[in-house]
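Worksheet: the structure to be examined is printed underneath.
The values are calculated or read from the model by the stated rules, or taken from the named source; none is laboratory data. These figures come from a predicted structure and were not determined experimentally. Cβ atoms come from the backbone with ideal geometry, glycine included; neighbour counts cover every protein chain shown.
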Amino acid sequence: MTLNADLGEGEPPARTRALLRLVDLANIACGGHAGDAVTMARTIRAALAEHVAVGAHPGLAGGDFGRTRSAISADEFQLLMLQQVGGFAAICRTEGAKLHHVKLHGALYHAVEQSPGLALVYAATMRSWFPKVAIIAFAAGRVIGEARRHGVPVLAEVFADRGYRADGSLIPRGKPGGVIANLREVAARVPALRGDTICVHADSPNAVRIARAVRSVLDVL
């Protein structure tokens, strides 16, 4: 199992660099909920220096960091993908990097799981415009199946620092158990998580310590 982190979201540069020494995959904000051309290029260069694969992390714009769901049509979603992922891919080419994957952010990540139409557009857009680029999506979710039906490579994602309900969905942030900060608890959960890649969120002040705890477990599994 690989370790991934959402980066370029306004976290301190020292935290970005520290996380890149621990993770395998970097999901870099590309101008929706966070990020701009300067932060994208800087984070890509930092990832290349640590031999970390880079991916686009598109999200909804807005003052709530793209975490509150708002209505988005299939056409609007496809345009968002082409603008944000396409722009990120152009910067990758300039920096000599390869676009490895796409992982949606926040409300958008969950919206495509809840909408068959958006999940279909997601997979079809990836196949048509970003061939051979992988999707990182919620383990056992709708997008996983849609991506496979379209021949799009996909990585099932689990979360080290988020709580799960009994039905496998995430406990919302702000609810008791939604975010897990205790390092021992995080590390103890890792062996039981089933997926291809495990996420640590860089916007947590404790992110580096959490990533280090997860990395120590992954390295012996």
### Task
Quickly run through region 151-168 and pick out the residues that are closer than 23 Å to L25 by Cα and among the small types (G, A, S).
G151, A156, A160, G163
### Query
If we keep just the residues of region 1-37 that are in contact (Cβ under 8 Å) with a residue 60 or more places away in the chain, part of a helix (DSSP H, G or I) and not hydroxyl-bearing (S, T, Y), which is surrounded by the most Cβ atoms within 10 Å (Cβ to Cβ)?
L19
### Query
What tally of residues in region 205-221 results from selecting those that are free of Cβ contacts under 8 Å to residues at least 24 places away in the same chain and either touching a Phe, Trp or Tyr at 6+ places or on another chain (Cβ under 7 Å) or of a type in the set (S, T, N, Q) (or both)?
0
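Do you know which of the residues in region 60-75 that are at pLDDT 60 or above and closer than 16 Å to Q114 by Cβ is nearest to the chain's Cα centre (by Cα)? I'd like the intermediate steps shown before the answer.
Taking region 60-75 first, the residues at pLDDT 60 or above are 60-62, 69-75.
Still in the running and closer than 16 Å to Q114 by Cβ: 60, 69-74.
On the way: L60: 14, R69: 17, S70: 19, A71: 21, I72: 19, S73: 21, A74: 21 Å.
In this case the residue turns out to be L60.
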